[in-house]
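Handing you this structure, nothing more for now.
Since every read-out is calculated from the coordinates, none of them should be taken as a lab result. Bear in mind that the values here come from a model prediction, so they are computed numbers and not experimental data. Backbone-built Cβ (ideal geometry, glycine too); neighbour counts: all protein chains shown.
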Amino acid sequence: MKTPTGMSRRHFMTHMAGASALTGSSMALGNTIRQNAPDLKKRRKSAILLWMGGGPSTMDIWDLKPGAPTGGEFKPISTAGDMQISEHMPMTAKIMDRMSIVRSMSTREADHGRGRYYMHTGYVPNPNMEHPTYGSVISHETISQRPELEIPPFVSVGSDAGGPGFLGMAWAPFSVGSNGQVRNLGLGLDTERMLLRKKMLEGFGSNFIDRKPSDVLAEMKKVNRGIAAKEHMEVIDKTWNLMTSKQMDAFKVNQEQPAALERYGNNAFGRGCLMARRLVEQGVPFIEVGNGGWDNHGNIFPTLRDTKLPTIDRAMSALVEDLTERGLWEDTVVIWMGEFSRTPRINGNAGRDHWARSWSVAVGGGDIKGGMAVGATSEDGTKVITEPYSSEDLMATVCKGLGISLNTTFTSRNNRPMKIANGGKVIKELFS
């Protein structure tokens, strides 16, 4: 598994080789069919996924059950929206007029790996097919809105965001740490060495491409065995442009004023959310920010109260407020979710186990209405008692919130038509 703080040299070079084709319409649009697709709004659309790896107990955060034997220790508090949430989310309570909660999620994957894949793609794992993750799909569909973008369109901050599947490596996540360091883009080259290599290749010119493989191919393979000479030159040029682009400053969260860092919480997740806002300002279509540690099979209430909830409360509320204050909220969808939730039953270790039958996600921004609680679970939280919603439905809802046509159909590598969001239905209550 890749570490979230960087990507391998081979991964990066392959990624940049694909990305170099983004200037051509064939890569951006060629494997997509849009039937009666409306024009996307002129303003740039973005999405931020706040990924809670491990399966957060949404019954202790978004859908409390006070008085029930399964209810746990926390009390609900009122919010700026038409719902109550955990008492340990007081700052988030103030921005819930802009976020909504879907309390009737009912999914089928309660294994970490399978659940992560399903919630990121809208598809259950299939050994014969790798499906594109949220960020790959959304960046693919909105890249035409930002021809000026010089940095990758899909950024993953401290998270295992999944892969691009049949969309190809141009749509793979560009993985960074919350400190903003990209480790020389995974190349193992500093700026001076990259400049020397660039000048060397420019000096070869067309002769470099035309020379015999025995003269050149060995040097080529030192960088990446799968890239041809012309592509290698394109990769070096693209990499140089990326390394020297002013837009790369968006990753430098430590340039922010101390007050801004404190507002988000000067920790990994807080800095990741602050970086996400900076990247949205630069025009990046999709950013995923990871916050792991939710697999709370034991000692769940002190863990949530003292560590997990204060961290997300500060960062999430600051992100929503910041996006609103900067005029970005109507063009940015924010999604908060994990791979599943945790059992209503409290186990013998004072924890909760894996549970996918009845749980909650939070979503807002873009064209999505805020201040609502959609759906409901039973008094003990063990089942959904209204219309259940799936990963596919949530993904379809996010796409609609961004103005992406749900008639969009991709063509997989084996020439199968693959409908966006796996044909999920929109959660209609979230739209006017």
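Quick check: net charge around R108, other residues with Cβ under 11 Å of its Cβ, Lys/Arg +1 and Asp/Glu -1? Present the calculation step by step, with values, prior to reporting the outcome.
Values: positive: R114, R357; negative: E109, D111.
Net charge around R108: 0.
Still on this model: Counting Lys and Arg as +1 and Asp and Glu as -1, what is the net charge of the other residues whose Cβ lies under 10 Å from the Cβ of G371? Before the final figure, lay out the partial values.
Numbers: positive: R98, K369; negative: D82, D97.
Taking every other residue near G371 into account, the sum is 0.
Also, I was wondering about something else. Do any chymotrypsin sites (Phe, Trp or Tyr not before Pro) in the stretch 366-431 lie in a loop, going by DSSP, with at most 13 other beta-carbon atoms within 10 Å of their beta carbon, and if so which? Walk me through the intermediate numbers first.
Details: sites: Y389, F410, F431; in loops: F431.
Those that pass, being in a loop and sparsely packed, are F431.
Return, for the Cα atoms of the stretch 347-420, the radius of gyration and Dmax in Å, separated by a comma.
Values for the stretch 347-420 (Cα only, Rg and Dmax): 16.9, 50 Å.
Residue by residue, what Karplus-based ³J(HN,Hα) values in Hz, rounded to whole numbers, does the stretch 380-386 have, using 6.51, -1.76 and 1.60 with θ = phi - 60° and x for Gly and Pro?
In residue order, the calculated couplings are 9, x, 7, 8, 7, 10, 10 Hz.
Please identify every one of the trypsin sites (Lys or Arg not before Pro) in the stretch 234-323 that sits in a loop by DSSP and has no more than 15 other beta carbons within 10 Å of its own beta carbon. Walk me through the intermediate numbers first.
Working: sites: K238, K246, K252, R263, R271, R277, R278, R305, K308, R314; in loops: K252.
Here the trypsin sites (Lys or Arg not before Pro) that fit, given the DSSP loop and packing criteria, are K252.
Working only with C-alpha atoms, what are the Rg and Dmax values of the stretch 78-185, expressed in angstrom?
17.5, 47
Apply the a/c threshold of 1.5 to the C-alpha gyration tensor of the stretch 231-361 and tell me whether it is rounded, prolate or oblate. Let's see the in-between values first.
On the way: a/c = 2.36, a/b = 1.84, b/c = 1.28.
It comes out prolate by the Cα gyration axes.
Another one. Give me a comma-separated list of calculated 3J(HN,Hα) values for the stretch 263-273, in order, Karplus coefficients 6.51, -1.76, 1.60 applied at θ = phi - 60°, integers in Hz, x for any Gly or Pro.
These are the phi-based 3J(HN,Hα) values: 4, 7, x, 7, 9, 4, 5, x, 5, x, 5 Hz.
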